Amino acid sequence: MDTTEADESIKYTVLDNLLVDGKEPGSWGTFITRSEMYTQAAQMNGLISYLAIYIGFVLVVACAAILSIQQLSNVADGSRSYRVLAQIGCDDRQIRHSVMAQQAVFFLFPLAVGLAHSFVALKVIIELVSIFGNMSIGGTVSLTCAIFLAACGGYFLVTYLMSTGMVRAAIAIRYSE
């Protein structure tokens, strides 16, 4: 007899011989076995983890999109300044470096603050899960962080490429005038 069958036989033996306040078993509650409880706890942990990761990812994507739109708006507003830089003799490489530096500051500072906050919080969470849940979630956390960083990096790259295209277009207007 395996453990599941033993758990089930114990559960039904207890239920058959137990009366609470004169009521029949089943009319006042249910019993679950230890293995069923572990299964339900694992399913609940999985569901909570999925929801937390999903909500966090949606928040990261929304913030990255807002930063991207704001940076593209700044480049569009500053197109005249880039034209002036080209007129006074700055080459394309220097202008692209300027755009890269500006966007790196706006993308990396919020990311650094978020990573510092997450590092402290996740350190405590990983310890709590290992103590109370007897599980190690370090690998899952690392994979999730890598996915978040890839999403932010993708937005940064797309924003940079679109910004340099806008700057090139602004500079090209100068040559066509």
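Bear in mind these aren't lab numbers, they're just calculated from the coordinates by the rules spelled out. What you see is a predicted model, and the numbers here were worked out from it, not measured in a lab. Positions of Cβ are backbone-derived with ideal geometry, glycine not excepted, and every protein chain shown enters the neighbour counts.
Go over the candidates 39, 33 one by one and state the one that is over 30 Å from residue 156 (Cβ atoms), β-branched (Val, Ile, Thr) and surrounded by 13 or more Cβ atoms within 10 Å (Cβ to Cβ).
Just a single option satisfies the conditions, and that option is 33.
Quick check on residue 157: is it within 20 Å of the chain's Cα centre (by Cα), part of a helix (DSSP H, G or I) and within 21 Å of residue 79 (Cα to Cα)? Judged against the criteria, residue 157 is a match. Residue pairs whose Cβ atoms lie under 6 Å apart, separated by 6 or more positions or on different chains, with the first residue in the stretch 108-121 and free of Cβ contacts under 8 Å to residues at least 60 places away in the same chain and the second surrounded by 10 or more Cβ atoms within 10 Å (Cβ to Cβ), are 111/152.
Residues in the stretch 47-67 that are in contact (Cβ under 8 Å) with a residue 24 or more places away in the chain and either over 29 Å from the mean Cα position of the chain (by Cα) or within 19 Å of residue 152 (Cα to Cα) (or both): 53, 56, 57, 60, 61, 63, 64, 65, 67. Taking every residue in the stretch 68-79 that is part of a helix (DSSP H, G or I) and pairing it with any residue that is surrounded by fewer than 16 Cβ atoms within 10 Å (Cβ to Cβ) and small (Gly, Ala, Ser), at least 6 positions away or on another chain, the pairs with Cβ-Cβ distances below 9 Å are 79/169. Being loosely packed, with under 11 Cβ neighbours inside 10 Å and either under 26 Å from residue 49 (Cα atoms) or of a type outside the set (Lys, Arg) (or both) is the filter; apply it to the stretch 87-104 and report the residue that is nearest to the chain's Cα centre (by Cα). The qualifying residue nearest to the chain's Cα centre (by Cα) is 101. All conditions but one from (1) within 30 Å of residue 41 (Cβ to Cβ); (2) in contact with a Ser or Thr (Cβ under 9 Å, 6 or more places away or on another chain) apply to residue 96; the one that does not is (1).
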